[in-house]
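Notes for the one structure printed next.
The values are calculated or read from the model by the stated rules, or taken from the named source; none is laboratory data. What you see is a predicted model; the values in this text were computed from it and never measured. Heads up, the Cβs are rebuilt from the backbone with ideal geometry, glycines too, and the neighbour counts pull from every protein chain shown.
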Amino acid sequence: MSCCCPHSNSANRFFSFFAGRYRKRFEKKGFEPSQKQLLEGLQQAGYQDAKILEIGSGVGHLHQTLLEQGAKSAIGIDLASKMIVEARHWAEERKLTNSVEYVEGDFMEIHESVPDADVTVLDKVVCCYPDADGLVHTSLNKTARVYALTYPRNRWYVRFVMSATALFMKLVRSDFRPYVHDPEMVESWIRDAGFDKIYQDNNLVWLTQVYVKT
Ligand SMILES: C[S@@+](CC[C@H](N)C(=O)[O-])C[C@H]1O[C@@H](n2cnc3c(N)ncnc32)[C@H](O)[C@@H]1O
């Protein structure tokens, strides 16, 4: 499915351009430190026999690993067509095609047709979307038990890099923009939806949080 808003079309072009690099990076170096933290938090929350929903699932390695480690099924959604191509390829390589489904599209445009999940994951996605409030609330509504995400820390150097990237995107006439959303605000949305934080860690740039519904 193609995306109708200018931001999503530009994000599709931007992330499709980088899809091959995401794959090569994973092949060479494995999970990034923030993804290792995410996996640790998810282990503490538990995902055996769980239905996973990964929004902005990229080349797919995160939910594919959860499937290999005991999750029941997964849906990967990404608005970048080449990310979906890479993820499908890797699901075949890892013999996971029976337990995973891929949907190309902007989650905010297709959410009504997306089934509920036990575990929802947004790894470096909230920072790619202008309406963080809408994205977080809509994805929380799909989540029965565990909500896991990574997003940028609100630090001056992170804001500086994001602003420089936004300026560059403007200069190349792309509508895609990265964002630093206030972690206190994001956290309050999740808590107000009835989730407790059970895990938090960070590195220089990324904040990793895992919440469980009470
Ligand atoms: C920074 S990349 C991270 C990819 C992957 N989660 C990872 O960490 O390797 C963000 C991804 O989210 C996707 N994305 C951003 N907003 C989205 C939305 N509203 N619906 C679906 N995918 C989205 C982008 O296309 C991109 O592939």
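Exactly one residue out of ARG145, ARG173 is more than 16 Å from the ligand (Cβ to nearest atom), outside any helix (DSSP H, G or I) and touching an Asp or Glu at 6+ places or on another chain (Cβ under 6 Å), and it is ARG145. The residues of region 25-65 that are touching a strand residue (DSSP E or B) at 6+ places or on another chain (Cβ under 6 Å), of a type outside the set (A, V, I, L, M, F, W, C), within 10 Å of the ligand (Cβ to nearest atom) and part of a helix (DSSP H, G or I), listed by number, are SER34, HIS63.
Regarding TYR22, is this residue aromatic (Phe, Trp, Tyr) and either within 25 Å of TYR179 (Cα to Cα) or near the ligand (Cβ under 9 Å from one of its atoms) (or both)? In short, yes.
What are the residues in region 154-179 that are out of contact with any Phe, Trp or Tyr (no Cβ under 7 Å at 6 or more places or on another chain) and of a type outside the set (A, V, I, L, M, F, W, C), if any? Hits for region 154-179 are ASN154, ARG155, TYR157, ARG159, SER163, THR165, LYS170, ARG173, ASP175, ARG177, PRO178, TYR179. Every residue in region 106-127 that is outside any helix (DSSP H, G or I), within 8 Å of the ligand (Cβ to nearest atom) and surrounded by fewer than 21 Cβ atoms within 10 Å (Cβ to Cβ), please. Scanning region 106-127 gives a single hit, LYS124.
Screening HIS89 against (1) closer than 27 Å to VAL146 by Cβ; (2) at pLDDT 95 or above leaves a single unmet condition, (1). Only residues that are in contact with a His (Cβ under 9 Å, 6 or more places away or on another chain) and among the small types (Gly, Ala, Ser) were counted in region 171-214, giving 1. The set of residues in region 56-80 being among the small types (Gly, Ala, Ser), modelled with pLDDT of 95 or more and at negative phi consists of SER57, ALA71, SER73, ALA74, GLY76. The condition of being within 16 Å of the ligand (Cβ to nearest atom), among the small types (Gly, Ala, Ser) and touching a residue at least 24 places away in the same chain (Cβ under 8 Å) holds for only one of ALA132, ALA166, that being ALA132.
When the residues of region 73-103 are filtered to those that are within 10 Å of the ligand (Cβ to nearest atom) and surrounded by fewer than 21 Cβ atoms within 10 Å (Cβ to Cβ), which remaining residue is nearest to the chain's Cα centre (by Cα)? Of everything passing the filter in region 73-103, VAL103 is nearest to the chain's Cα centre (by Cα).
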